[in-house]
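Everything on this sheet refers to the single structure shown next.
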Amino acid sequence: MLSIAILVTLVAAIVFATAKLKINPFLALLGAALVGGFAFRLPVDTIAPTMTTAFGATLGNIGLIILFGTIIGVILERTGSAIAMAEALIRLLGTRFPTLTMSIIGFIVSIPVFCDSGFVILNSLKKAIAARTQVSLVAMTIALMTGLYATHVFVPPTPGPLAAAGNLNIIDQLGLIIGFGLIAALVSAAAGLLWANRFLKKDIQLLPEPAGEENDLSREYDQLRSGYGTLPNAFLAFLPILAPIVLICIASIAKLPAAPFGDSGLFIAIVFLGTPVIALMVGLVAALFLLRGANKLTTFGDNVNEGIRISAPILLITASGAAFGSILAASDLTDYLGSTLSTLGLGLVVPFVISAALKTAQGSSTVAMVTTSVLLLPLLPALGLDSDMGRVLSVLAIGAGAMVVSHANDSFFWVVSQLSRIPVATAYRTLTPATAIQGVAGFAAVWVMGLIVL
């Protein structure tokens, strides 16, 4: 029981430090790891090596993958490729079902682009379509937000699921995570869409637009669009996303026991190109074709610098989370929890509930996924999730929990509500329940998949 009390105290301290004291999660997790080493009475000369070994191994496993994925996202954002993808989808889907169109746009754009940035980029497009189709702006906001959120927590190369996969030592099965993650994300986005459609024709009072902008929604979007100059070709815009996903998934198929590609040179080439870090490098090369202007090398360098700036905190948080997890794994806590949990048969419920509690308490989905995955790793055997498929579904259960719920301590909540001019009280009645519904629906999909494949 003492070990449980120590764990609860450490997790509570992490939440308090990050949510109330605004200490960076990187430092909070490292501090918890160091304190935990002494609290669990590990040999003093093993505490630092245990932490640094796990820290370095995690950066080695997922560092380049997250970095390349982030750089691709920056290039797509800065070249107008996200707008080009959105317009291509509008041409394909039309505006007959505006919330569906908006949800699909968000679903695809958020695979390479952070959901906060994706909402900022697509906000004026959402407003323009809402004005054109005469549907509720709240419904369109929920549809876009939930579409973005679904792939943000379920589908690599977004950092959250990548970090969880790295911490659960399942990064070599990224193709499975993408495939099953897309299924869970589709169910989650569909649930969010159904919730959005409840508000299609409701007249909900919004905050007034800034003076002079009330009737200029179409012009606002046109100005955003013109700011990028000539938009990239739609195929080139989609290529940096599709190429890595296709390569990783084909490599996963090639490694199936049936060996559909045999063991020839073709098999070796497919597996090499489908290695996550190589696949993301291919995506980065494809993104180079989106750069325009006379100083492409300078522009590319600026984008790389921005990608490093954005990904560095994520990498440090993920690696410090692994250091914290290594301390827990080295303690006697895992033996106690393992013997207790093995008799309860909770399975995938455990990662979902832990992740949801951490998300609700401190606000960040990424921090919730990192912390939950390091807590879960030593418990996988006791939960019956120690197989490759068990670890894959654990990543997705953690992702589902990391959606529940978005409220005032989540930056995404404020980005969505403020840009959409939705009053805070209304946002709590419309946006926050949407994330709860999404998370529960996503977990239900993961649980059903577990019944089939585990």
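Tabulated values for the structure
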item: Members of segment 114-146 that are in a helix (DSSP H, G or I) and of a type in the set (S, T, N, Q); result: SER117, ASN123, SER124, THR133, THR141, THR146
item: Enumeration of residues in segment 330-357 that are crowded, with 21+ Cβ neighbours inside 10 Å, in a helix (DSSP H, G or I), modelled with pLDDT of 90 or more and hydrophobic (A, V, I, L, M, F, W, C); result: VAL350, PHE352, ILE354, ALA356
item: Set LEU273, LEU297, LEU288: member being exposed (fewer than 12 other Cβ atoms within 10 Å of the Cβ) and more than 21 Å from the chain's Cα centre (by Cα); result: LEU297
item: Residue list for segment 362-376, restricted to those being surrounded by fewer than 24 Cβ atoms within 10 Å (Cβ to Cβ) and in contact with a helix residue (DSSP H, G or I) (Cβ under 6 Å, 6 or more places away or on another chain); result: GLN362
item: Breaking point among (1) assigned to a helix (DSSP H, G or I); (2) aliphatic (A, V, I, L, M); (3) touching a Gly at 6+ places or on another chain (Cβ under 9 Å), for LEU451; result: (3)
item: Qualifying positions in segment 97-120 - over 18 Å from SER136 (Cα atoms) and open to solvent by 30 Å² or more (accessible area, probe 1.4 Å); result: ILE108, PHE114, ASP116, SER117, VAL120
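Every residue, every condition in (1) among the hydrophobic types (A, V, I, L, M, F, W, C); (2) in a helix (DSSP H, G or I); (3) within 24 Å of THR372 (Cα to Cα), yes or no:
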| site | (1), (2), (3) |
| --- | --- |
| HIS407 | no, no, yes |
| SER417 | no, yes, no |
| ILE422 | yes, no, no |
| GLY442 | no, yes, yes |
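Per-residue answers, yes or no, for (1) open to solvent by less than 10 Å² (accessible area, probe 1.4 Å); (2) among the basic types (Lys, Arg); (3) farther than 23 Å from PHE180 by Cβ; (4) under 16 Å from the mean Cα position of the chain (by Cα):
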| site | (1), (2), (3), (4) |
| --- | --- |
| LEU396 | yes, no, no, yes |
| ALA402 | yes, no, no, yes |
| ASN409 | no, no, yes, no |
| PHE413 | yes, no, yes, yes |
| ILE437 | no, no, no, no |
| ILE452 | no, no, no, no |
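The values are calculated or read from the model by the stated rules, or taken from the named source; none is laboratory data. None of these values were measured; they are calculated from a predicted model. Because the Cβ atoms are built from the backbone with ideal geometry, glycine has one as well, and the counts that use them run over all protein chains shown. All accessible areas refer to the heavy atoms of the entire protein, side chains included, with ligands and DNA or RNA removed. Shrake-Rupley method; radii C 1.70, N 1.55, O 1.52, S 1.80 Å.
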